[in-house]
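What follows is a short report on a single structure.
The values are calculated or read from the model by the stated rules, or taken from the named source; none is laboratory data. Note that this is a predicted model, so its numbers are computed, not measured. Counting neighbours? That spans all protein chains shown, and the Cβs are built from the backbone with ideal geometry, glycine included. For the accessible areas, the whole protein counts, side chains as well, though only heavy atoms, and no ligand, DNA or RNA atoms are used. Shrake-Rupley method; radii C 1.70, N 1.55, O 1.52, S 1.80 Å.
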Amino acid sequence: MDQKLDQIDRSILRALQQDASLSQRDLAEQVGMSQNACWRRLQALRANGVLQGETARINRAATELDLTVFVLIKTRHHAQDWLNNFKKIILSIPNIVDFYRIAGEYDYMLKIVARDMNAFDAIYRQMIEKIDIDTVTSYMAMEAIADNRPLPL
């Protein structure tokens with residue numbers, strides 16, 4: 001991204017983070033600009049990779065994905081071929097919704113959503129059968145106090 005965001009861009013992004021389904025007219029009105037000028041800004045934000053698509057937030061309880069587990073992984077392997085295989089396996093599991101390489105005592109952190117503990121156990125077994133992992137530590141979330149918060153623009 002080589003675009004420097006100004007206050008208008010930030011206003012557009014804040015509004016879209018709150019409601020990406022806003023019509024172009026409503027968005028333009030909310031940020032105080034003409035519909036055409038707002039459209040040009042949106043096109044530029046998309047072209048420069050600032051806006052990377054639109055998604056819907058879904059109530060996980062309504063889909064019976066009530067369990068959230070944060071998994072920390074430590075490995076002895078750091079070769080590129082192992083990492084490529086690890087990424088491929090992790091990204092093939094749809095219940096893993098976030099995947100980070102981290103600094104500190106552990107190497108990777110995953111956020112996994114599942115129906116229940118049995119479903120999580122099946123995901124866990126799927127991971128450890130396919131990947132040589134040194135240490136796995138799991139933390140079950142008891143309550144989502146703040147989840148998917150907007151970026152502070």
TODO: Using only protein heavy atoms and a 1.4 Å probe, report how much of THR63 is accessible, in Å² to the nearest 10.
DONE: 70 Å²
Open item on the list: Taking the Cα centre as origin and putting +1 on Lys and Arg beta-carbons and -1 on Asp and Glu beta-carbons, what dipole magnitude results for the chain, to the nearest 20 debye?
Closed with: 440 debye
Open item on the list: Rolling a 1.4 Å sphere over the protein heavy atoms, what is the accessible area per residue of the stretch 2-48, to the nearest Å²?
Closed with: 64 Å²
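Cβ under 12 Å from ASN148's Cβ, ASN148 left aside: what net charge do those residues give with Lys, Arg +1 and Asp, Glu -1?
Details: positive: ARG57, ARG60, LYS111, ARG149; negative: ASP98, ASP147.
Summing Lys and Arg as +1 and Asp and Glu as -1 gives +2.
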Task: Leading residue at positive end of dipole, the stretch 1-110 (Cβ point charges), from LEU45, PHE99, GLN80 - done: GLN80
- [ ] Give the shape of the stretch 37-97 as rounded, prolate or oblate, defined through the alpha-carbon gyration tensor: a ≥ b ≥ c are the square roots of its eigenvalues, a/c under 1.5 means rounded, and otherwise the shape is prolate if a/b is larger than b/c and oblate if not.
- [x] oblate
- [ ] Report Rg (one decimal) and Dmax (nearest whole number) for the chain, counting Cα atoms only, units Å.
- [x] 19.8, 57
Task: Rounded to the nearest 10 Å², the accessible area of PHE86 at probe 1.4 Å - done: 0 Å²
Open item on the list: Run the count for the chain, please: Lys pairs, Cα-Cα under 25 angstrom, 8 or more apart or on different chains.
Closed with: 9
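Counting pairs of alpha carbon atoms under 8 Å apart in space and at least six apart in sequence, what relative contact order in percent does the chain give?
Values: 156 pairs, mean separation 42.0, N = 153.
It comes to 27 percent, rounded to a whole number.
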TODO: Heavy atoms only, probe 1.4 Å: what % of the accessible area of the chain goes to carbon and sulfur, would you let me know?
DONE: 48 percent
